[in-house]
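The values are calculated or read from the model by the stated rules, or taken from the named source; none is laboratory data. Because the structure is predicted, anything quoted here is derived from the model rather than measured. Heads up, the Cβs are rebuilt from the backbone with ideal geometry, glycines too, and the neighbour counts pull from every protein chain shown.
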Amino acid sequence: MLQRARVDKHTLRDAASTMVTDYHFTAPTEQFVRAHAERGSTVFRYELQWPSPRAGLGACHDSCLPLVFGTLDAAPALAGTDEKARQMSDAVQRLWLDLIRGGEPWEPYDGVSGFTMLLGPETTIVRGHRAVQLAIWENRYPAYG
């Protein structure tokens, strides 16, 4: 697994960071949304990939909060305060409001091969996001299954 991760990442530190992120955040989120989708809920999954301006952090836990609430100045290390960060905040707010109003901005998530919006500098929608890498964590959170 680590050797495979090194192919996609630049350093061993990047690979280790990806594994820790998958273990603590990505895998349990995947299992949680899959459980909801399997029980008939409409689920729209996204992964924030907006990098922190703080060197080495990337997109970190809670960095979506200043983007969602438009409070970039309150937490500049999480999302930044420049014009690009403000544009990203506007986009995130529009997306959340569309979801709240019952909109369907992309295909709903429908299981392991479900759709995920990668929300960041280059927003895209993918299918089966990181499924191969997340398979090793499949039984880590059995309560969701």
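So L119 clears everything in (1) without any contact (Cβ under 8 Å) to a residue 60 or more places away in the chain; (2) within 19 Å of D22 (Cα to Cα); (3) in contact with a strand residue (DSSP E or B) (Cβ under 9 Å, 6 or more places away or on another chain) except one condition, right? Which one?
So the condition that L119 fails would be (1).
Quick one: G80 ticks every box in (1) surrounded by fewer than 17 Cβ atoms within 10 Å (Cβ to Cβ); (2) on the phi > 0 side of the Ramachandran plot except a single one, so which number is it?
Single failed check for G80: (1).
Report yes if some residue within the stretch 74-91 is hydrophobic (A, V, I, L, M, F, W, C) and at pLDDT below 90; otherwise report no.
no
Is it the case that A75 is touching a helix residue (DSSP H, G or I) at 6+ places or on another chain (Cβ under 6 Å) and either closer than 20 Å to T21 by Cα or without any contact (Cβ under 8 Å) to a residue 60 or more places away in the chain (or both)?
Numbers: touching a helix residue (DSSP H, G or I) at 6+ places or on another chain (Cβ under 6 Å): yes; either closer than 20 Å to T21 by Cα or without any contact (Cβ under 8 Å) to a residue 60 or more places away in the chain (or both): yes.
Judged against the criteria, A75 is a match.
Under 8 Å between Cβ atoms, at least 6 apart or on separate chains: pull out the pairs that start in the stretch 125-145 with a residue that is farther than 13 Å from Q31 by Cβ and basic (K, R) and end on any residue that is at pLDDT 90 or above and not in a loop (DSSP other than H, G, I, E, B).
R127/F115; R127/T116
Given the criterion farther than 26 Å from S17 by Cβ, surrounded by 12 or more Cβ atoms within 10 Å (Cβ to Cβ) and out of contact with any helix residue (DSSP H, G or I) (no Cβ under 7 Å at 6 or more places or on another chain), identify the matching residue among R94, R101, R86, R127.
On inspection, the qualifying residue turns out to be R94.
List pairs: first in the stretch 38-65 and closer than 21 Å to T11 by Cα, second crowded, with 16+ Cβ neighbours inside 10 Å and among the aromatic types (F, W, Y), Cβ under 7 Å, 6+ apart or cross-chain?
A59/W50
For the stretch 13-58, give me each residue that is among the hydrophobic types (A, V, I, L, M, F, W, C) and farther than 20 Å from N139 by Cβ.
To start, the set of residues in the stretch 13-58 that are among the hydrophobic types (A, V, I, L, M, F, W, C) comprises 15-16, 19-20, 25, 27, 32-33, 35, 37, 43-44, 48, 50, 55, 57.
Selection gives A15, A16, V43, F44, L48, W50, A55, L57.
Would you check which residues across the stretch 20-64 are loosely packed, with under 15 Cβ neighbours inside 10 Å and among the aliphatic types (A, V, I, L, M) and list them?
Selection gives V20, A55, L57.
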